[in-house]
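The values are calculated or read from the model by the stated rules, or taken from the named source; none is laboratory data. Since we're looking at a predicted model, the values are computed, not measured. So basically every Cβ, Gly included, is an ideal-geometry build from the backbone, and we count neighbours across all protein chains shown.
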Amino acid sequence: MSTINASSGIIEFTRIFLAVFYTCVAAFYTVKIIVAQIKQPVDLVLPGERFCSTWWNHMTFRFFRLSIWMVCLFRVFFEEIDNYLIMFTSLQTLPIIFTGISLMIFGFMMTIIVHLSMGDKWRSGIDSEGPKQLITNGFFKYSRNPIFLCVAISQIGFFLALPSLFTLVCLTIGLLMLYRQILSEEKHLTKLFVNEYKIYTANVRRWL
């Protein structure tokens, strides 16, 4: 199999792609939240009370997302950063890297689609006053957590696109925080929709 050393082109492409990709991710969420709050002046990002379990989930996830973005940006201008990421050279093959890039694109595009399908019902975190209605249609017919699933797919893709100890740590922490958030949200929804949510969880898987 071809290694990354056999093609400087793929190195530069991946370097630029990752920087552009995570800049687009940051821009998407920033614009979405600003536009949504203009349309409905309510809090859309709800991490919970300071230092509670869901607050730590949000803060940890944000920290690693920001770290990923900054590392990917700085890699464009400072190639020596790769020396500190502890690259997994055995996984640095063209098929693996392109698989990773494909998963990242797929995961992000699906995240956007699911977001748009939810309309004004989307919230980041647990709304203590809602939701008023349990969403079980659309993408939620196939997964109880379609957005988290798409984020997880994209995160796996990031590890494959840039196989290293750094991306492995980000993947592990990211999946753990998603799982912890899911458990918290499931507990909240169980209290709000006792029988309805029980039936829903019996028919739809947590992931897929």
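Screening the candidates I96, I156, I173, I126 for the property of being in contact with a helix residue (DSSP H, G or I) (Cβ under 7 Å, 6 or more places away or on another chain), over 29 Å from L73 (Cβ atoms) and not hydroxyl-bearing (S, T, Y) yields one hit, I126.
Residues considered: M118, M104. Of these, the only one that is of a type in the set (A, V, I, L, M, F, W, C) and at pLDDT below 95 is M118.
Taken together, the residues in the stretch 80-113 that are touching a Leu at 6+ places or on another chain (Cβ under 9 Å), assigned to a helix (DSSP H, G or I) and of a type in the set (A, V, I, L, M) amount to 8.
Okay, residues lined up against (1) buried (at least 17 other Cβ atoms within 10 Å of the Cβ); (2) touching a Pro at 6+ places or on another chain (Cβ under 8 Å); (3) touching a residue at least 60 places away in the same chain (Cβ under 8 Å):
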residue	(1), (2), (3)
L46	yes, no, yes
T54	yes, yes, yes
M59	no, yes, no
I68	yes, no, yes
N83	no, no, no
I112	no, no, yes
K121	no, yes, no
S143	yes, no, yes
V151	yes, no, no
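Residues in the stretch 33-65 that are more than 15 Å from the chain's Cα centre (by Cα), at pLDDT 85 or above and of a type outside the set (A, V, I, L, M): P47, G48, E49, R50, F51, C52, S53, T54, W55, W56.
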